[in-house]
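Here the structure is laid out as structure tokens; the discussion comes afterwards.
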Amino acid sequence: MPQRTRIALIFAVFLLAAFSSVLEASPIIYYGSSGSLAASASFDLSGSTLTIVLTNTSNSDVLVPSDVLTGLGFNTDFRLDPSSASLKAGSFVSYNNGVPVDPGIGWGYGYGVNAMGMNSAISASGAVNGLGHSNFFSGNGRALGWLDYGILSLGDDVLTGNQGVTKKGPLFNNSLVFTLIAPEEFALDEIGSYVSFFYGTSLNDPTIKGFKQDAATPPVPEPNTFVLLGTGIGLLVFAKRRSLIKKLQ
């Protein structure tokens, strides 16, 4: 095989690896809104670790329990293993007298449930049939069935709201991170085109659909991707230079 052909093939392999890295590194994000309610859910898979970031993106004040985001429903063919839950950087605990708390105590994951057409759900309220106890916590879980541990909006004012909200702490403003372990066969694209966001303490409270963001939005390459691209381009330049030297000789 000619030297130029060999280098061209190597360059193609580097490009394929680089763009594969971009695709694998890109989370899938779902957005949904209805009236004053708005939420997002980001799904990111790294190896066997699935990270879900659930955010109450509304700019409106939380005044009643049905304004509190308490669950996420989605579809998958595989059971996941809940690992932990935490506050996203910049979020904080409300209505808990300043006492820190592990969000995992108040959230549970269930598979094979009936959640408004979704077979999997993460919930704080226990409204989803088949999901009654928290399991994102290493200690003893608690029975779910209240508003506490739900997610307040970005625009919440802690000085307002009825006692159904202000007396139900701890609550979180405005984003939680859930970590689950996925089987080897799991892939992000099987989640589908939409998820469901649940509010309040009952499935009769508002439920809104969240749709996948525009697939045309370009992902941001990771540092390793830039290294691969740089190496590939370097090989191409080297091949062209060698070819030019041979012609001059």
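The values are calculated or read from the model by the stated rules, or taken from the named source; none is laboratory data. Just so you know, these numbers come straight off a predicted model, no measurement behind them. Cβ placement follows ideal geometry from the backbone for every residue including glycine, while neighbour counts extend to all protein chains displayed.
Out of the residues in region 147-164 meeting the condition of being β-branched (Val, Ile, Thr) and farther than 16 Å from Phe178 by Cα, tell me which one is surrounded by the fewest Cβ atoms within 10 Å (Cβ to Cβ).
Thr160
Which of the residues that make up region 174-227 are modelled with pLDDT under 95 and in contact with an Asp or Glu (Cβ under 7 Å, 6 or more places away or on another chain)? Result: Glu190, single match. In region 1-120, counting only strands (runs of 3 or more DSSP E) that sit wholly within it, the ones holding 2 or more residues that are modelled with pLDDT of 95 or more and within 20 Å of Leu131 (Cα to Cα) span 49-56, 69-74, 81-87, 108-115. Every condition in (1) touching a helix residue (DSSP H, G or I) at 6+ places or on another chain (Cβ under 7 Å); (2) closer than 21 Å to Ala38 by Cα; (3) without any contact (Cβ under 8 Å) to a residue 40 or more places away in the chain holds for Val165 except the one numbered (3).
Condition check for Thr160 on (1) part of a loop (DSSP other than H, G, I, E, B); (2) β-branched (Val, Ile, Thr); (3) over 23 Å from Ser33 (Cα atoms); (4) out of contact with any strand residue (DSSP E or B) (no Cβ under 7 Å at 6 or more places or on another chain): one failure, at (3).
When only residues in region 98-126 that are aliphatic (A, V, I, L, M) and buried (at least 23 other Cβ atoms within 10 Å of the Cβ) count, which is farthest from the chain's Cα centre (by Cα)?
Let us first name the residues in region 98-126 that are aliphatic (A, V, I, L, M), namely 99, 101, 105, 113, 115-116, 118, 121-122, 124.
Right, trim to buried (at least 23 other Cβ atoms within 10 Å of the Cβ) and you get 115, 121-122, 124.
Details: Ala115: 18, Ala121: 13, Ile122: 12, Ala124: 16 Å.
Step by step, filter region 98-126, then rank; the result is Ala115.
Kindly indicate whether Tyr95 is surrounded by fewer than 23 Cβ atoms within 10 Å (Cβ to Cβ) and either of a type in the set (A, V, I, L, M) or under 19 Å from Thr49 (Cα atoms) (or both). In short, no.
Are there any strands (runs of 3 or more DSSP E) wholly within region 166-218 with 1 or more residues that are surrounded by 19 or more Cβ atoms within 10 Å (Cβ to Cβ) and among the aromatic types (Phe, Trp, Tyr), and if so which?
On the way: elements: 171-173, 175-181, 194-199, 207-212.
Counting at least 1 such residues, we get 171-173, 175-181, 194-199.
A search for C-beta distances below 8 Å between a residue of region 24-50 that is farther than 17 Å from Ile151 by Cβ and any residue that is among the polar types (S, T, N, Q) and in a loop (DSSP other than H, G, I, E, B), counting only pairs 6+ apart in sequence or on different chains, returns Ile28/Gln213.
Taken over region 55-92, the residue count meeting the criterion of being surrounded by fewer than 17 Cβ atoms within 10 Å (Cβ to Cβ) and of a type in the set (Phe, Trp, Tyr) is 2.
No other residue among Leu131, Leu144 is within 18 Å of Asn75 (Cβ to Cβ), crowded, with 16+ Cβ neighbours inside 10 Å, hydrophobic (A, V, I, L, M, F, W, C) and without any contact (Cβ under 8 Å) to a residue 40 or more places away in the chain apart from Leu131.
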